[in-house]
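S.K.: Right, I'll just put the structure down here and ask away after.
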Amino acid sequence: MGKIIVLKTEGKGTEGVDFITIETFDDINSANAFVKENTKYGKYWSFAEIVNTGERLEICYMENI
């Protein structure tokens, strides 16, 4: 099994994404723990989710489509 990729987006307000971070993990439990710890709502928000290699995403406020 290959690396598990997690995309984390962060922002200040609802106007858009200010920062993007990519993390890789060897196991699904560590990836899921990172997602849970790094998804926060509020004025300074962050959103993390597991993504697939080669997947095309539109980066949005609190969602990666």
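What follows is calculated from the coordinates using simple rules that are stated; it is not laboratory data. Model, not experiment: these values are computed from the prediction. Quick reminder, even Gly has a Cβ in these numbers, built from the backbone with ideal geometry, and neighbours come from all protein chains shown.
S.K.: Each label point is 7 Å from the Cα along the Cα-to-Cβ direction; what then is the distance between the points at GLU37 and THR53, in nm?
M.R.: Roughly 2.5 nm, to one decimal.
S.K.: At 0.36 nm per residue, and after removing the present C-alpha to C-alpha distance, how many nm does the segment from ILE20 to CYS60 gain when stretched out fully?
M.R.: Details: separation 40, 0.36 × 40 = 14.40 nm, distance 1.10 nm.
Fully extending the segment from ILE20 to CYS60 adds 13.3 nm.
S.K.: Scan the chain for trypsin sites (Lys or Arg not before Pro) in coil per DSSP, keeping those whose Cβ has at most 12 other Cβ atoms within 10 Å, and list them by number.
M.R.: Numbers: sites: LYS3, LYS8, LYS12, LYS36, LYS40, LYS43, ARG56; in loops: LYS3, LYS43, ARG56.
Filter output for the chain: LYS3, LYS43, ARG56.
S.K.: Compute the acute angle (0 to 90°) between the alpha-carbon long axis of helix 28-37 and the principal axis of greatest extent of the alpha-carbon atoms of the chain; round to the nearest 10°.
M.R.: Approximately 10 degrees, to the nearest ten.
S.K.: May I have the count of lysine pairs in the chain with C-alpha atoms under 14 Å apart, counting pairs 8 or more residues apart or located on different chains?
M.R.: Count of close lysine pairs: 4.
S.K.: Name the residue from VAL51, ILE22, VAL35 whose Cα lies farthest towards the positive end of the charge dipole of the chain, charges +1 on Cβ of Lys and Arg and -1 on Cβ of Asp and Glu.
M.R.: The listed residue farthest towards the positive side: VAL35.
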